[in-house]
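*Asks:* Sharing a structure below in structure tokens format, with a few things to ask.
Each value in this text was obtained by applying a stated rule to the coordinates, not by laboratory testing. Note that the structure is a prediction, hence the values are computed from the model and not measured. Don't worry about glycine lacking a Cβ; one is built from the backbone with ideal geometry, like all the others, and counts go over all protein chains shown.
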Amino acid sequence: MQNVKIVNYPHPALRVKAKPVTTIDRDLKLLAGRMLELMYEHKGLGLAGPQVASDLQIIVMNFEGDPDKPEQECFAINPVIIEQKGGLEEDREGCLSFPQLFQKVRRYRTTTVRAYNLDGQPFEMTCSDLAARLWQHEIDHLHGILFIDKMSSLGRIASRAALRQFEEAFRKAQERGELPKDLVAAK
């Protein structure tokens, strides 16, 4: 699992629609553990399967982003949003697949989610504010939707240079042989 790493935009894995997990086995639990390590290494709050080039519907989160607070950790298999309410609020967001890029994104204030934990037990959670935003952001990843897709027109314009830098870094990684040359960048 040490070769599992976070992929940056425009890696095509970020646009994959993840498939439902059908078996919770040792490999999935190892993947979840490695994802949690990566999330903490990169000082994030959440990480979804496609962000580590996995096509599985798995999310790891810590609602405070604090490795010293394991009670704030959440592992979610096949999560679905079952209700959103409280109106849309705009707030600043970032993403581990877009290092150092932050823009305002509109999300629902309150979200209810249904998922399975790593023991295969179903759970439901209703949360607001940052936790609700985190759920929406990570579940979007499972559907190939990125936070840049949710930015306002002004946010997209302001992010243009950063996105070009990500695209250039991707191309250079291909030239160095770090990524296959036939890997087509997602846009």
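*Asks:* Go ahead and run the numbers for FRET between HIS42 and THR126, Cβ-Cβ distance against an R0 of 35 Å, rounding to 0.05. Each step should come with its number before you reach the end.
*Replies:* Working: r = 28 Å, r/R0 = 0.79.
Approximately 0.80, to the nearest 0.05.
*Asks:* Additional query: Say R0 is 25 Å: what FRET efficiency, to the nearest 0.05, do ALA185 and ARG26 get from their beta-carbon distance?
*Replies:* Details: r = 33 Å, r/R0 = 1.32.
Efficiency, from the Cβ-Cβ distance: 0.15.
*Asks:* What nm value, rounded to one decimal, do you get for the distance between LEU118 and ILE81 when each label is placed 7 Å out toward the C-beta?
*Replies:* Inter-label distance under the simple model: 2.6 nm.
*Asks:* Tell me, CYS127, CYS95 in order of fewest to most beta-carbon neighbours within 10 Å? Spell out each step's value before the answer.
*Replies:* Numbers: CYS127 17, CYS95 26.
Listing CYS127, CYS95 from fewest to most nearby Cβ atoms yields CYS127, CYS95.
*Asks:* How large is the dipole of the chain about the Cα centre if only Lys and Arg carry +1 and Asp and Glu carry -1, each at its Cβ, rounded to the nearest 20 debye?
*Replies:* On the way: 26 positive and 26 negative charges, 164 e Å.
In total the dipole reaches around 780 debye.
*Asks:* Dipole of the range 12-175 (Lys/Arg Cβ +1, Asp/Glu Cβ -1, origin at the Cα centre): which of PRO122, PRO67, LEU88 lies farthest to the positive side?
*Replies:* LEU88
*Asks:* How high is the relative contact order of the chain? Use alpha-carbon pairs under 8 Å, at least six apart in sequence, and give a whole percent. Kindly include the intermediate steps, with their values, before the conclusion.
*Replies:* Details: 350 pairs, mean separation 46.3, N = 187.
This gives 25 percent for the chain.
*Asks:* Restricting things to Cα coordinates, could you compute the convex hull volume per residue of the range 1-144 in Å³?
*Replies:* 103 Å³
*Asks:* Still on this structure: At a 10 Å Cβ-Cβ cut-off, how would you order LEU31, LEU88, LEU142, fewest neighbours first? Write down the numbers at each step before the final one.
*Replies:* On the way: LEU31 19, LEU88 10, LEU142 24.
The fewest-first ordering by Cβ neighbours comes to LEU88, LEU31, LEU142.
*Asks:* Suppose R0 equals 25 Å. What FRET efficiency, 1/(1 + (r/R0)^6) with r the Cβ-Cβ distance, do ARG156 and ASP68 give to the nearest 0.05?
*Replies:* Values: r = 37 Å, r/R0 = 1.46.
Working from the Cβ atoms, E equals 0.10.
*Asks:* A further question follows. Would you list VAL21, VAL60, VAL52 from fewest to most Cβ contacts within 10 Å? Display every interim value, and only then the final one.
*Replies:* Numbers: VAL21 16, VAL60 27, VAL52 23.
Lowest to highest Cβ neighbour count: VAL21, VAL52, VAL60.
*Asks:* Mind jotting down the distance between the C-alpha centroids of the range 123-162 and the range 67-118, whole Å?
*Replies:* Between the Cα centre of the range 67-118 and that of the range 123-162, the gap is 8 Å.
*Asks:* Once fully extended, how much extra length lies between ASP149 and LYS172, figured as 0.36 nm per residue of separation less the alpha-carbon to alpha-carbon distance? Each step should come with its number before you reach the end.
*Replies:* Numbers: separation 23, 0.36 × 23 = 8.28 nm, distance 2.43 nm.
Taking ASP149 through LYS172 to full extension adds about 5.9 nm, to one decimal.
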